[in-house]
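Written below as structure tokens is the structure these notes are about.
None of the figures in this text is laboratory data; all of them are computed from the coordinates on show. This is a predicted model, so every value here is computed, not measured. Cβ placement follows ideal geometry from the backbone for every residue including glycine, while neighbour counts extend to all protein chains displayed.
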Amino acid sequence: MEDAKGVTMSAEFVELFSMGLVLGLAAGFGPGPLSTMVISEALRHGALAGTKVAMGPLITDLPIILVSLFVLSRLPNQDVALGGLSLVGAIVLCYFGIRSMRATAIDVTESDVKTQSLRKGALVNALNPHPYVFWFTVGGPTIVRASTPIDVAAFIVPLFVCLVGAKALIAVAVGRSRHFLQGRAYGVIEKALGLALCVFAILLFRDGIALLRGN
């Protein structure tokens, strides 16, 4: 029993780590308001300024995570509620995956949005609906279902490292050359990440059905 339990926990750790890794990379490389701001700052003030904007989620996502966990932990019939949210999360991941597979390039023309600080980068991320949708339908239910704090860390740490790291890489790429974000390599990366997101959407759908069935 102990060995079997260890194998199960190890499998959960690997799945959550892989999920956090892919979700972080997909969100980091994907287009959106924060990516636009990162590019704008990198074009105007260099890669370091763009990297500071990329760190915005480290400030704004923690309160969203705490609120989502507070709400989810107080839902009646938690298994049924988490199962339903997991099905919604699967649809969200599938949407993000298809959008990533259809992406071809990021617009690197200079934006009219004036950004000069980490604070403003955090503000844009806080006003973006995507983090709220993600943490209430994908991230939050995933954390609640995790067996141990180590499994939670296995999901959250690679997610934020890859999210911030990918956007910082965009800032460096824009600071040095615009061609990477408009070239074939970027399209290949986005399509691969999109396919991986669709795979995790299937796994999330599976977990949602299991929770609704009471398994």
Notebook entry, point to check: What nm distance separates the two modelled labels at L75 and T148, each placed 7 Å from Cα along Cα→Cβ?
Noted result: 2.6 nm
Checklist line | Net length gained if the chain between Y95 and I209 were fully extended (0.36 nm per residue, minus Cα distance) | finding: 39.1 nm
Checklist line | For segment 25-36, Karplus couplings with θ = phi - 60° (6.51, -1.76, 1.60), whole Hz, Gly/Pro x | finding: 5, 5, 5, x, 8, x, x, x, x, 5, 4, 4
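Once Rh for segment 130-176 is found with the Kirkwood sum over Cα pairs, what is the Stokes-Einstein diffusion coefficient at 20 °C and 1.002 mPa s, in µm²/s? All intermediate terms of the calculation are to be shown ahead of the outcome.
On the way: Rh = 12.1 Å.
Approximately 178 µm²/s, per Stokes-Einstein.
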Next item on the list: Using a cut-off of under 15 Å, list every residue of segment 127-141 whose amide N is near the label point 7 Å from the Cα of V67 along the Cα-to-beta-carbon line.
Entry: 127-137, 140
